[in-house]
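Presented below is the structure to which this report refers.
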Amino acid sequence: MTDPHLPSLDNSDLPQFAALDLGSNSFHLLIARVDNHSLQPLLRLKQRVRMGAGFKHQQLSNKAMQRGLEALAVCAQKLQGFSPEQVRVVATHTFREALNSDIFLAKAASVLAFPIEIISGHEEARLIYTGVAQTTVSEGKRLVIDIGGGSTEFAGGKGFNATKLVSVSMGCISYTESFFADGKITKKRFDKALVATRRTLEPVAAELRKFAKDQVIGTSGTIRAIAQWAGSKAGQTSHLITREGLHSCAEELLSHSQLEGMQLAGVDGERIGVIAGGLAILLGLMEELDIDQLEPHDAALREGVLYELAEQVLHHDDVRQRTIESLALRYSIDREQATRVQQTALDLLEQVAKEWRLQDSQWRQLLSWGALLHEVGLQINFSARQRHAGYILQNSDMPGFNKEQQALLAALVRHYRKKVELIDIPELQLYHQHDVLRLLALLRLAVIFNTDRQTSQLLFKTFASKDVLLLTLTPQGRANPTLIADLAAETKQLIKLGITLRWE
């Protein structure tokens, strides 16, 4: 088996890629180029925004949104000249949890020319592991830990493959605000934060301990800051974090009564405000997972995003395709039928793409994946297979897919047959509803033309004019009473999608 790699290119033509990580505490921009099988960083930009500060009732505050928009404006300047294929922007915990994140994303669209993808906690953990795996060497199992502003991610695996992914809602900002309100520090408060950390991890601790025996790596600014703090206290040159060192840091922290004005060796002033929560989480997880020492590492989410983006563009290695294939295998998809529906759907798309402005390659991918997985619910129940399919895709871990891509695919397979319920089709930020409904119409028609589950020539050509879809059937198609009945019934459903269906 060949290990993952990036293709070699002539030095005269080294492409550049950019990854922008919108975290709860900071926004990180990384620009790099592919050089001799590796990513060579060209620019690193960090902006402290604290999007998770003042996060009440799952609402981003106006001040936080303004800080975020100002940071995005700076990033937009750095990304001038980049094409959409060269840039990926991902948003994490705070944006996952915020009920008004759509307001921020709408405003951000006028500042940043690239779409912002909100990724799941498991996807974040997987990408963090990828970033570490591509920049370290390990022979055995390893556990990667990232403490963010609003969540902490764990990824256990071996080599390049993460097999255990966990994301929990505890971060340096949220814990500092929850347990050290008004910046007040007491032993009782610190102990409560420790207990909360251990209780949160208790259900997954046994599984995570299996990966913590050989190597434990910690990413994120919080862990690196604590490493510098602990090293300065001990007068050591080693950058490893030990439990003994963390207890020493806790003693120093508890010698103060307020976070405000506190000075700690190796910790910059901006991070002082959230260090109490970060320390409680790190010490609590090391105790609960029985970790004696942890190695800080610079690579994290953005490196993982950048590596996969470069692999996808240069090597045509798309982790999303592997995810689709894995789901098809897990749910015993009838591959011949799925392929027939896929081919019909893509033929339909090709004929209407120009008129319906669905020429972007993303529509071909999404329609293709929806066709391949439309029967994923068949293994559970025949009569309600479309509902089960939608549930499976909405709730499965789907590596490589952001939240909106996953929601779109779930909506497609949920409505590939029977009645269309518009209320169940989500409004998305990355995709226009009008386009999504047209994509759904094509999938539904592709299924109708393959209900007999055998290769047959029923459709000659397709023509679209605005919201009218005209199908020209073959003689065999016109002579098929079941097909004609299905198309007649389908006209009522497509009207809900804003499409008038005709055939001849």
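The values are calculated or read from the model by the stated rules, or taken from the named source; none is laboratory data. These numbers come from a predicted model, not from an experiment. Positions of Cβ are generated from backbone atoms using ideal geometry, with glycine treated the same way; all protein chains shown enter the neighbour counts.
Values for this structure:
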| item | result |
| --- | --- |
| Meets criteria (modelled with pLDDT of 85 or more and either buried (at least 22 other Cβ atoms within 10 Å of the Cβ) or within 25 Å of residue 169 (Cα to Cα) (or both)) for residue 240 | no |
| Scan of the stretch 473-485 for residues that are closer than 21 Å to residue 386 by Cα and either in the same structural domain as residue 420 (by TED's automatic domain parsing) or touching a Phe, Trp or Tyr at 6+ places or on another chain (Cβ under 9 Å) (or both), ordered by number | 483 |
| Counted residues, the stretch 473-504 - those being loosely packed, with under 13 Cβ neighbours inside 10 Å, among the basic types (Lys, Arg) and under 21 Å from residue 422 (Cβ atoms) | 1 |
| Counted residues, the stretch 454-472 - those being at positive phi and either assigned by TED's automatic domain parsing to the domain that holds residue 358 or surrounded by 15 or more Cβ atoms within 10 Å (Cβ to Cβ) (or both) | 0 |
| All positions within the stretch 66-94 that are buried (at least 21 other Cβ atoms within 10 Å of the Cβ) and not hydrophobic (A, V, I, L, M, F, W, C) | 68, 88, 92, 93, 94 |
| Scan of the stretch 269-292 for residues that are loosely packed, with under 14 Cβ neighbours inside 10 Å and in contact with a helix residue (DSSP H, G or I) (Cβ under 9 Å, 6 or more places away or on another chain), ordered by number | 290, 292 |
| Selected residue (only one of 218, 266 is buried (at least 21 other Cβ atoms within 10 Å of the Cβ) and either touching a His at 6+ places or on another chain (Cβ under 7 Å) or in contact (Cβ under 8 Å) with a residue 12 or more places away in the chain (or both)) | 218 |
| Total residues in the stretch 166-203, condition buried (at least 18 other Cβ atoms within 10 Å of the Cβ) and of a type outside the set (A, V, I, L, M) | 12 |
| Yes/no for residue 120 being in contact with a Ser or Thr (Cβ under 6 Å, 6 or more places away or on another chain) and either more than 17 Å from residue 285 (Cβ to Cβ) or hydroxyl-bearing (Ser, Thr, Tyr) (or both) | no |
| Filter result (surrounded by 14 or more Cβ atoms within 10 Å (Cβ to Cβ) and among the polar types (S, T, N, Q)) within the stretch 50-65 | 59, 61 |
| Residues of the stretch 445-504 classified as in a helix (DSSP H, G or I) and hydrophobic (A, V, I, L, M, F, W, C), total | 12 |
| When residues of the stretch 414-435 are limited to those that are free of Cβ contacts under 8 Å to residues at least 12 places away in the same chain and outside any loop (DSSP other than H, G, I, E, B), the one farthest from residue 449 (Cα to Cα) | 423 |
| Which listed residue is buried (at least 19 other Cβ atoms within 10 Å of the Cβ), closer than 27 Å to residue 32 by Cα and of a type in the set (Asp, Glu), from 308, 295 | 308 |
| Unique match (being surrounded by fewer than 21 Cβ atoms within 10 Å (Cβ to Cβ), among the aliphatic types (A, V, I, L, M) and at pLDDT 90 or above) among 314, 346, 373, 393 | 346 |
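One line per residue, one yes/no per condition, for (1) of a type outside the set (Val, Ile, Thr); (2) more than 14 Å from the chain's Cα centre (by Cα); (3) within 25 Å of residue 31 (Cβ to Cβ):
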position	(1), (2), (3)
95	yes, no, yes
112	yes, yes, yes
121	yes, no, no
125	yes, no, yes
154	yes, yes, no
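Here is a yes/no grid of residues against (1) over 30 Å from residue 466 (Cβ atoms); (2) outside any loop (DSSP other than H, G, I, E, B); (3) free of Cβ contacts under 8 Å to residues at least 40 places away in the same chain:
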| residue | (1), (2), (3) |
| --- | --- |
| 299 | yes, no, no |
| 307 | yes, yes, no |
| 344 | no, yes, no |
| 359 | no, no, yes |
| 366 | no, yes, no |
| 378 | yes, no, no |
| 397 | yes, no, no |
| 411 | no, yes, yes |
